[in-house]
Amino acid sequence: MDNPVLIFGANFLGRAAKEIFEGNDNVVYGFLDDNKSLHSTEIDDVQVLGSTDDDGFLKLIGKKCEAFVAVDDNKLRKSLVKMIQEVRHMQPVNAIHKSAVIPDSTSLGHGNFIDVGVTIGAGAELGNHCLINANVHIGAEAKLGDFAQIGAGSIINPGVVIEDEAFIGSGVVVVSGITIGKGARVGAGSVVIGPVNAGETVFGNPAQKVKA
C-alpha cells in the first residue's frame with residue numbers, strides 16, 4: 001500500500017489500527033472523529049484533523065490516501081463505510097498486524113481489523129469490516145460474515161459459520177461446525193456447543209440463551 005491512511009475514529013481501536021499500519025511501514029495521514037474536543041489535538045503524534053464528514057479530507061480518499069474505519073459500534077461503522085463507498089467510490093483497506101498468520105488460501109474481504117497474534121486456518125473466509133481482536137484463532141474453512149466481531153483470545157473451530165453482525169466476546173470457544181446467526185451475541189468466556197439463532201444472546205459453559 002503506497003498511499004497514507006486516513007483513520008476514521010480517534011479511539012482505542014483507531015490507536016491500535018495506527019500501530020498496525022505504522023508497523024507495516026504505512027504512513028498514517030491523520031484521524032477523523034466527530035468528538036470536536038479532540039480536533040487539532042494529537043494522539044500518539046498523529047493529528048485529529050476534523051470530523052468524519054469533513055469534505056475537504058474526504059476528497060483525498062482515493063487520490064492521495066486510503067481510508068480505514070476504526071469504530072466498534074456496528075451501526076456507526078456501517079454508516080461510515082457506506083459514506084466512503086458512496087461519496088468516494090472506494091473500499092476501506094484492511095488493517096492486518098504483521099504477526100498475524102493468514103494462509104494464501106484465506107478469502108479476505110475489505111476493511112477488516114486483524115490484531116496481533118491472530119491465526120487463521122486454511123480455506124477460511126472472512127467477509128468485510130470484521131473486527132478480529134488479539135490472539136484469536138479461526139479454524140480451517142470457518143466463515144465470517146460482514147461486520148462480525150470476535151473478542152480477544154477466542155477460538156473459532158473449523159467449519160464454524162458466524163453470520164453478519166454477530167458479536168463473539170473475549171475468550172469464547174465455538175466448537176466445530178456450529179452456526180452463529182446474524183446479529184447474535186455470545187458472552188465472554190462462553191463455550192458454544194450448539195447453534196445460536198439470529199439475534200439471540202447466549203452465555204455460559206455450555207452457552208445457554210439469556211432471557212430478556
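The values are calculated or read from the model by the stated rules, or taken from the named source; none is laboratory data. On a predicted model such as this, the values are computed, not experimentally measured, just so you know. Ideal geometry is used to build each Cβ from the backbone, glycine not excepted, and the neighbour counts take in all protein chains shown.
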Any residue at all in the stretch 197-210 that is modelled with pLDDT under 95, of a type outside the set (D, E, K, R) and either within 26 Å of ASP115 (Cα to Cα) or not assigned by TED's automatic domain parsing to the domain that holds ALA140 (or both)? yes
Looking at ILE43, ILE7, ILE20, ILE61, which is the one that is modelled with pLDDT of 95 or more and out of contact with any His (no Cβ under 6 Å at 6 or more places or on another chain)? ILE7
Among the numbered conditions (1) in a loop (DSSP other than H, G, I, E, B); (2) surrounded by 18 or more Cβ atoms within 10 Å (Cβ to Cβ), tell me where ALA122 comes up short. (2)
Contact list please: Cβ distance under 6 Å, first residue in the stretch 29-42 and in the same structural domain as GLU66 (by TED's automatic domain parsing), second residue among the basic types (Lys, Arg) and assigned to a loop (DSSP other than H, G, I, E, B), pairs at least six apart or on different chains. none
Enumeration of residues in the stretch 37-68 that are outside any strand (DSSP E or B) and more than 22 Å from LYS82 (Cα to Cα): SER37, LEU38, HIS39, SER40, THR41, ASP44, ASP45
Identity of the residue in the stretch 54-83, among the β-branched types (Val, Ile, Thr) and touching a residue at least 60 places away in the same chain (Cβ under 8 Å), that ends up surrounded by the fewest Cβ atoms within 10 Å (Cβ to Cβ): VAL71
